[in-house]
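**Q** Here you go, one structure.
The values are calculated or read from the model by the stated rules, or taken from the named source; none is laboratory data. All values derive from a computational prediction rather than experimental measurement. We place every Cβ from the backbone using ideal geometry, glycine too, and count neighbours over all the protein chains shown.
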Amino acid sequence: MTVQDGVRLASLFGAACFVLGLHMMNSPATARRGNQLSAFGMLVAVIAVLVQVSHGGTMNATRWLVLACGALIGGAVGLYSARSVAMTSMPQLVSLFNAVGGGAAALIAVADYHHDTHLSGGVATASVLDVLIGCVTFSGSLIAAAKLQGYFSQPVTFPGAKAVSAILALAAVAAGIDVIAGAHNIWILVIVVAAATGIGILMVLPIGGADMPVVISLLNAFTGTAVAMAGFVLENATLTIAGALVGASGGILTKLMADAMNRSVLSIIAGGFGTGTSGIEVSGAGGGSVRSIAIDDAALQLVYASKVIVVPGYGLAAAQAQHAVRELAELLEARGIEVSYAIHPVAGRMPGHMNVLLAEANVPYDQLREMDDINPEFDRTDVALVIGANDVTNPAARRPGNAVSGMPILDVDRARSIIVIKRSMASGYAGIDNELYTDPKTSMLFADAKKGLAELVAAAKVV
Amino acid sequence: MTQGFVGDLTIFALALLVGFEVISKVPATLHTPLMSGANSIHGVVLVGVVILSSFVSGPLGYVLTFVAAAFGAANVVGGYAVTDRMLQMFRKRPVPAERPVERPADASPSQSGEPR
């Protein structure tokens, strides 16, 4: 067996670990081992490629040094950010990893093009796609991370943005075709780089905060595809396989998120949530009266329930109230009350974000229930406690003709009684009134999520 | 070079299908770790950077390799570390079956004296 065969076998082993590792993600019980298996496969693949290049005889001191310095610095920064990031900031970090992954893939194609003067048609096409997708991902993910960090959360639009995007796209396609046709001039590829970077910025700028789960998923899929293209450029199957896996994962999540928000991916990229419909109000919603409730009464209601479902939204995480809600749930459980959490797919700023935030607060994962799984249980629920969730509980979604029509919602209004902890009557991202709040079964507890929950805990203790 | 472009395309298409098949079974509870885990997998781009480093030359080549190596390593190391950190937080309920058994034995006379 030659060294080359050994390297190929090791790469195959690595790829198999990726697939099995992802497979083990289908249950919280095995997910951690799955990730470790995937990391082990990665280690094997990296060692294999190091053996391969050191046997190739083309490595010299400079090349090793450049590689080692880059990898050490990058690795240290990556490890530090992974250890120190707050769980509420996960979406930003994932976005940044998307950015560097896509950026590295694009750089590979640029460096390869710079070095290799004779690219075949297939490889040239892959190079152009790699640069295009990689650069869009790089700049788009950086903007997404900045938005998530709160540097600017409002959608940014300016007149002529669409025209500029169109011109950039045209330039990228023209330069790309030139490269594929056999032109070999690094500046032509630089045009693709610049145009794609601009497209990425203009693509994410106008997208609103509520659409972020879709954007992150989409950029994740882009990164995977860019890496797969880098695999074509270098004729390396490990990159192609791993990139395709990530592309598939990102693609699935994008579709799931867009469905859960009742929007098409295209309309999100086009920007502006509910801009056309926000003026047309849901009829009748404003007419109902709102009943507010005192802390003590709310605590009584909870304590004498036999089944409680907590419906957390991003407002809960924003107020850092995860621990407070877990405390309340434990208190209720100690009294023999059945407590579970109903998690809407888009609760949070990235797919599944709310689950991680609650897991961090030591909520056991068997209490975290998915929308389709828990919706039938609202009928048998005494109190649904809605904290910081809005549009995903609006019964208006079941009727046509408004901004949330058709959106899958949690059937909170089917519970026997509903307590909503909310600071004000302000509307959610969809910009319409929530009919749940005027339901006769609903009582509003006007408070900050953390403060309100702490007071509820205190009140429930003395009941 | 042996398999060529069509060979790569075959691998790409099959891997994509495997990915769809495996990932569509992941529950929504784990979507964030899934994305973060997939994120670390695209850190495999580091393998590409190693290959790249074996043939680049000139200042531009070295700078591009250096930046790509830093990006790739940050991606792969950070991705796996943060995914692990997240997944270790997912715990089961702390032995729910034992609680009712333990309680009466745990010295609460008023309860144990109750008629069933």
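**Q** Tally time: how many residues in region A:360-388 are farther than 25 Å from A:SER427 by Cα and among the aromatic types (Phe, Trp, Tyr)?
**A** Selection size over region A:360-388: 1.
**Q** Here are some residues: A:ASN362, A:ASN394. Which one is out of contact with any Gly (no Cβ under 6 Å at 6 or more places or on another chain), of a type in the set (S, T, N, Q) and within 14 Å of chain B (Cβ to nearest Cβ)? Break it down stepwise before answering.
**A** Details: A:ASN394 fails: within 14 Å of chain B (Cβ to nearest Cβ).
Answer to the check: A:ASN362.
**Q** With the condition being within 14 Å of another protein chain (Cβ to nearest Cβ) and under 27 Å from A:THR157 (Cβ atoms), I'd like the helices (runs of 4 or more DSSP H) fully within region A:196-270 carrying at least 1 qualifying residues. Talk me through it step by step, then tell me what you get.
**A** On the way: elements: A:212-234, A:237-260, A:265-270.
Hits in region A:196-270: A:212-234, A:237-260.
**Q** I want to confirm something. Restricting to region A:385-413 and keeping residues that are small (Gly, Ala, Ser) and outside any loop (DSSP other than H, G, I, E, B), which single residue is farthest from A:VAL346 (Cα to Cα)? Even if it seems obvious, please write down each step before you answer.
**A** We begin by selecting, within region A:385-413, every residue small (Gly, Ala, Ser); these are A:388-389, A:396-397, A:401, A:403, A:405-406.
After this cut, where a residue has to be outside any loop (DSSP other than H, G, I, E, B) as well, the list is A:396-397.
Details: A:ALA396: 18, A:ALA397: 15 Å.
The qualifying residue farthest from A:VAL346 (Cα to Cα) is A:ALA396.
**Q** So, in region A:75-90, how many residues would count as being within 7 Å of another protein chain (Cβ to nearest Cβ) and over 21 Å from the mean Cα position of the chain (by Cα)?
**A** Adding up the residues that qualify gives 2.
**Q** When A:LEU93 is evaluated against the numbered criteria (1) facing chain B (nearest Cβ under 7 Å); (2) of a type in the set (A, V, I, L, M, F, W, C); (3) under 28 Å from the mean Cα position of the chain (by Cα); (4) within 30 Å of A:LEU12 (Cβ to Cβ), which criterion, by number, is the only one it fails?
**A** Only one criterion is unmet by A:LEU93, namely (4).
**Q** Further question on the same structure: Anything in region A:149-188 that is under 30 Å from A:SER89 (Cα atoms) and in a helix (DSSP H, G or I)? List them, or say none.
**A** Correct list: A:GLN149, A:ALA161, A:SER165.
**Q** Consider region A:358-414. How many of its residues are modelled with pLDDT under 90, buried (at least 18 other Cβ atoms within 10 Å of the Cβ) and charged (D, E, K, R)?
**A** Selection size over region A:358-414: 1.
**Q** Is there a residue being under 16 Å from B:PRO27 (Cβ atoms), within 19 Å of the chain's Cα centre (by Cα), in the same structural domain as A:TYR437 (by TED's automatic domain parsing) and part of a strand (DSSP E or B) anywhere in region A:358-368?
**A** So the first thing to find is which residues in region A:358-368 are under 16 Å from B:PRO27 (Cβ atoms), and the list is A:358-359, A:363-368.
Going one step further and asking which of them are within 19 Å of the chain's Cα centre (by Cα), we end up with A:358-359, A:368.
Pick out the ones that are also in the same structural domain as A:TYR437 (by TED's automatic domain parsing) and you get A:358-359, A:368.
So of that shortlist, the ones also part of a strand (DSSP E or B) come out as A:368.
Yes, region A:358-368 contains at least one residue that is under 16 Å from B:PRO27 (Cβ atoms), within 19 Å of the chain's Cα centre (by Cα), in the same structural domain as A:TYR437 (by TED's automatic domain parsing) and part of a strand (DSSP E or B).
**Q** State all residues of region A:97-143 that are of a type in the set (D, E, K, R) and part of a loop (DSSP other than H, G, I, E, B); if no residue qualifies, say none.
**A** Going through region A:97-143, the residues of a type in the set (D, E, K, R) turn out to be A:112, A:116, A:130.
Scanning region A:97-143 gives a single hit, A:ASP116.
**Q** Would you mention how many residues in region A:414-462 are part of a helix (DSSP H, G or I), in contact with an Asp or Glu (Cβ under 6 Å, 6 or more places away or on another chain) and without any contact (Cβ under 8 Å) to a residue 40 or more places away in the chain?
**A** 1
**Q** Among the candidates A:THR238, A:THR254, single out the residue that is at pLDDT 85 or above, surrounded by fewer than 24 Cβ atoms within 10 Å (Cβ to Cβ) and of a type in the set (Val, Ile, Thr). Don't jump to the end; show me each part of the working.
**A** On the way: A:THR238 fails: surrounded by fewer than 24 Cβ atoms within 10 Å (Cβ to Cβ).
Going through A:THR238, A:THR254 in turn, just one is at pLDDT 85 or above, surrounded by fewer than 24 Cβ atoms within 10 Å (Cβ to Cβ) and of a type in the set (Val, Ile, Thr): A:THR254.
**Q** Considering region A:9-43 alone, what residues qualify as being more than 24 Å from B:PRO27 (Cα to Cα) and more than 10 Å from chain B (Cβ to nearest Cβ)?
**A** A:LEU9, A:ALA10, A:LEU12, A:PHE13
**Q** Applying the selection to region A:98-153, what residues are under 15 Å from A:ILE216 (Cα atoms), of a type in the set (A, V, I, L, M) and touching a helix residue (DSSP H, G or I) at 6+ places or on another chain (Cβ under 8 Å)?
**A** Within region A:98-153, A:ALA99, A:VAL100, A:ILE133, A:VAL136, A:LEU142, A:ILE143, A:ALA144, A:ALA145, A:LEU148 meet the criteria.
**Q** Of all residues being more than 19 Å from B:GLY43 (Cα to Cα) and in a helix (DSSP H, G or I) in region A:44-74, which is farthest from the other protein chains (Cβ to nearest Cβ)? Just the residue, please.
**A** Across region A:44-74, the extreme among qualifying residues is A:ALA61.
**Q** Tell me whether region A:370-380 contains one or more residues that are at the interface with chain B (Cβ under 9 Å from one of its Cβ atoms) and in contact with a strand residue (DSSP E or B) (Cβ under 8 Å, 6 or more places away or on another chain).
**A** Yes, region A:370-380 contains at least one residue that is at the interface with chain B (Cβ under 9 Å from one of its Cβ atoms) and in contact with a strand residue (DSSP E or B) (Cβ under 8 Å, 6 or more places away or on another chain).
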